[in-house]
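Have a look at the structure below, then the notes.
The values are calculated or read from the model by the stated rules, or taken from the named source; none is laboratory data. Note that this is a predicted model, so its numbers are computed, not measured. Note: accessible area is taken over every heavy atom of the protein model, side chains too, but ligands, DNA and RNA are not part of it. Shrake-Rupley method; radii C 1.70, N 1.55, O 1.52, S 1.80 Å.
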Amino acid sequence: MSPYPHLLAPITLSGVTLRNRALMGSMHTGLEETGDWSRVAAFYAARARGGAGLIVTGGMAPNHEGGVFPGAAGLFTDTDIANHLRVTDAVHADGGHIAMQILHAGRYAYGKDCVAPSPIKSPISPFPPQQLDEAGIEKQIADIATAAARAIQAGYDGVEVMGSEGYFLNQFLVTHTNRRTDCWGGSYENRMRLPVEVVRRVRTAIGVKPILIYRISLIDLVPDGSNWDEVIQLAQAIEAAGASVLNAGIGWHEARVPTIASSVPRAGFADLTARLRPEVTIPVITSNRINAPGVAERLLADGAADMVSMARPWLADADFIAKAASGRAAEIAPCIACNQACLDHTFSGKVSSCLVNPRACHETELTYAPTSTPRRVAVVGAGPAGMMAAMVVAERGHKVVLYDKATETGGQLNLAKRVPGKEEFHGLVTWFDTMLRKTGVALRLGQEVQPIDLAGFDEIILATGVTSRDPNIPTDPGARVFSYADILTGADPGRRVAIIGAGGIGFDVAESLVHQGQSPALDPELWRIEWGVTAPWTDRGGLSPNGPAPHPPAREVHLLQRKAERPGRKLGKTTGWIHRSYLAMKGVRMQGGVNYERITADGILLSHGPDRKDPALLLVDAVVICAGQQPDRSLSEKLDQLGIKHHVIGGADRAIELDAKRAIDQGARLGSQL
Ligand code: NAP
Ligand code: SF4
């Protein structure tokens, strides 16, 4: 019997029977905006082939003013319908079902024509919205209903009406954004009139059979958000208005609480759907930080929901359900919730992809075709770049030997996985090990490779990684100086610590140093206390009136950098604020614009600015160096001297701003070409 009987059980929504209970949640990938609809179709068809029960597309604008940004994709013309038909045909040909999300951004629309219930600017957009009048509101409702009718014309099995995350419909629900005094504002009944009317009109527009998903905000995580009675009242009214199913939305985009980052506990918000489910008769879908079939199965078996929404996990692995259903769950590439190649790309105007799966959204261009001329390939370095290259090359039919001087695979990933909040990296290393075994890669660990060892190979790939940069700061005898690797592998630097370098690793080290006890990412109760999250049945919006109550820091930490800018400015677009807020909550003192004059037995002597002003000794017990990396090309140089051709990838190629995303992408691309 399958270990996932609940997840793999069919379910009927309105007139459509789905083959299982896995919903691929809506993600904006940017593919539609490329205008290359064969890419869009290939992306969704791969997920249909991989077993998704129901796919929900990225949000489509119902009109110009409601688009997330000017020019956002929608379904406005006959050509649009023809393009979308290519997608729905491809998904149906692969046995899947697909619904189109209609997303009206309201005041989150990044454009000067944005509209909202009241003229209150959002903190995450520079554009003040125009307040809608009665006719304007009617136009928005009509446009959403028209978009829904067009979606059915374009072959979709239904639509999802986006009512959460602080978008347009959500903006009507709460006084935080709705200050109207007409029949669309004031009492809760008036404030929920718009979402309910939208659902009623959409159902009328699409008929009885298609699926109508309503994405309902279960916890707003903003001041004056909905309380639980209001959520239930809305859910019941939405059901009565014709929705087939309710999908959980968690937190507004402007919320100062993380909701999907790796430091959020897995399934950390599923208690909300569990509480909603008995209040309605239609099915409910749970979501957020669910990335493994075992977690999804447990939630369904426990009655927390009728379906499980996973979005990013379908970027990490297009065959998520196919693998789970065929006893290959260990082969599912895990989404590590890093946001680096998906949401960070979206917010930088780039097409999404996935750190662990560079083929995501690049299905037509990056392929791992079987080779007709198998060769012997040596890969040196079992970090992310080397493991990915070895895996892809072996999958394509070459004979691969993977070497590393360490006695375990993983390279720098083995340091990342020790950082509190980055526990998902454990799964990534385990997945690589599984795939290396499956693809028949021969491992030679604990071996420092010399050129002679590489004789007889047809191709040599060096992924020898990086060495830490030595900032060459004058250092007195008796000074205690640690590397970041020392700290992440458990060295104790004492009670007061200065960190030199405030890049990604400086932040990771600071988080490790202030942390004590259980990681909040593994303990939902602890995590809620740290971030000031309660529940909407206790406090409006689910925010504690007392705010975050972080566990006291384990030690005093100073995070330093030479640049005068704010430390952490270059961290990920969608996760940097979380790291900055967390360290601020833990009392970490950040300083930019410093010069490191000398490390002494009592601390570090700092001066300030280009004129090296105000030298002063910062009293600390130890200093940790996180001053960036340099390529380790020692083997490459030896091979060059002997005239032996080889490829260099990952940090050994370019250490600046190296991270696992670039390393894995480079490994995959080289591996696809050999
Ligand atoms: P990094 O991000 O390049 O940061 C290096 C830090 O060292 C900077 O703060 C830099 O600031 C300082 N520095 C550089 N040269 C120095 C010198 N000669 N003396 C003193 N300080 C110096 O490198 P990293 O922190 O080692 O991280 C490596 C890569 O891993 C980065 O791409 C990073 O984004 C990635 N990573 C990402 C995450 C994540 O969460 N996404 C986490 C960890 C690592 P100043 O020059 O201003 O002093
Ligand atoms: Fe998940 Fe990171 Fe891939 Fe995004 S880039 S899908 S968060 S693993």
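For segment 394-513, what percent of Cα pairs sit more than 18 Å apart?
63
When we measure straight from the Cα of Lys573, which aspartates and glutamates land under 15 angstrom away, once same-chain ones fewer than 8 places off are left out?
Straight-distance partners of Lys573: Glu254, Asp344, Glu657, Asp659.
So, taking all protein chains as they sit and a 1.4 Å probe, how much accessible area belongs to Trp37, in Å² rounded to tens?
Per-residue accessible area (Trp37): approximately 20 Å².
Reachable aspartates and glutamates from Lys645, Cα under 18 Å, same-chain residues fewer than 8 places away excluded?
Qualifying aspartates and glutamates at Cα under 18 Å: Asp453, Asp458, Glu459, Asp632, Glu637, Asp653.
Kindly provide the pair-distance distribution of segment 437-502 built from C-alpha pairs, with 10 Å bins from 0 and whole-percent values in order of increasing distance.
12, 33, 20, 22, 12, 1
Report the rotationally averaged projected area of segment 348-451 based on its alpha-carbon convex hull, in square nanometres.
The directionally averaged projection comes out at 8.3 nm².
For a quick size check, give me the Cα extents of segment 11-346 along its three principal axes, largest first, whole Å.
If we take the Cα atoms of segment 11-346, the spans are 58, 43, 39 Å.
Skip the ligands, DNA and RNA, and give the accessible area per residue of the chain with a 1.4 Å probe, whole Å².
38
Let me know the Kirkwood hydrodynamic radius for segment 382-426, please, with Cα pairs as the basis and the value in Å to one decimal.
It works out to 11.5 Å.
Can you pull the Rg over Rh of segment 542-664, Cα-only, Kirkwood?
1.10
With an 8 Å Cα cut-off and a minimum separation of 6 or more residues, compute the relative contact order for segment 11-346 in percent.
For segment 11-346, the relative contact order is 17 percent.
With a 1.4 Å probe and every protein chain kept in, tell me what percent of the accessible surface of the chain is carbon plus sulfur.
Solvent-exposed carbon and sulfur of the chain make up 52 percent of the total.
Rounded to whole Å and ordered largest first, report the semi-axes of the equivalent ellipsoid of the chain derived from its Cα gyration tensor (root of 5λ).
Semi-axes from the Cα gyration tensor: 44, 33, 22 Å.
Past 32 Å, Cα to Cα, is the threshold; run Lys417/Lys613; Lys570/Lys613; Lys112/Lys417; Lys405/Lys563; Lys121/Lys613; Lys121/Lys350 against it and keep the listed order.
Over 32 Å apart, Cα to Cα: Lys417/Lys613; Lys112/Lys417; Lys405/Lys563; Lys121/Lys613.
Which of the aspartates and glutamates could a cross-linker bridge to Lys586, judged by Cα under 12 Å and excluding same-chain residues fewer than eight apart?
Lys586 reaches Glu511, Glu530, Glu556.
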